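Peer 1: Dropping the structure in here first, questions after.
What follows is calculated from the coordinates using simple rules that are stated; it is not laboratory data. All values reported here derive from a predicted model rather than from experimental measurement. Reconstructed Cβ throughout: ideal geometry from the backbone, glycine too, with neighbour counts over all protein chains shown.
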Amino acid sequence: MNRALAALSLALLAAGLTTACAPTSSDIEERVLGTVAAGSTLTVTDLLPEEGAKRFTVACPYESAADVAARLDVDGKAVPDLSDRDDAQALVVVTSDGIDAGELPRDRVDFCSTGGAWPVYSGDADDSLAVTRNDDDVYVVTR
């Protein structure tokens, strides 16, 4: 019994440490908002954390986790499912450690108002993005 409790405690501690190291949606949101607020043009990789991204995309409203996962060639369980929502989009980044995904509210920044589904970009892509602000004070990012 004591061994089982000790093993359970270690497993819970390890799980807690693993999730404590992963970026949260709010961390990703603040980093991305800071990036888009800094200028009128940027490259797609400016949206990423400093290093470690292999490939990435933006999941737009009404996209299912299965569609985004197929586009990135990853397991759909780690991808946000926005199939029933229009209030958010998600930056989904494939790294050597797994998948980092963070939802971004569309009332602060909008990646999905034009152009349909985002393609998959490599971690070193240099495609340009334009940033404007609309009348509702939302940053609109277009490819």
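Peer 1: Restricting to bridges with both residues inside region 23-142, how much of the DSSP beta-bridge set is antiparallel, in percent to the nearest 5?
Peer 2: Within region 23-142, antiparallel bridges account for around 90 percent of the total.
Peer 1: For a test of the definition: using alpha carbon positions, the gyration tensor, and the 1.5 limit on a/c, classify region 23-142 as rounded, prolate or oblate.
Peer 2: Oblate, because a/c is 1.5 or more while a/b does not exceed b/c.
Peer 1: Estimate the FRET efficiency between A66 and T142 by the formula 1/(1 + (r/R0)^6), using the beta-carbon distance for r and 30 Å for R0, to the nearest 0.05.
Peer 2: FRET efficiency, A66 to T142: 0.70.
Peer 1: Next question. Take the Cβ-Cβ distance between S96 and D46 as r, set R0 to 30 Å, and report the resulting FRET efficiency rounded to the nearest 0.05.
Peer 2: Efficiency, rounded to the nearest 0.05: 0.90.
Peer 1: Same structure again: Taking a label point 7 Å from the Cα of S122 along the Cα→Cβ vector, which residues of region 52-95 have an amide N closer than 13 Å to it?
Peer 2: What the label zone holds, given the 13 Å backbone N cut-off, is 54-56.
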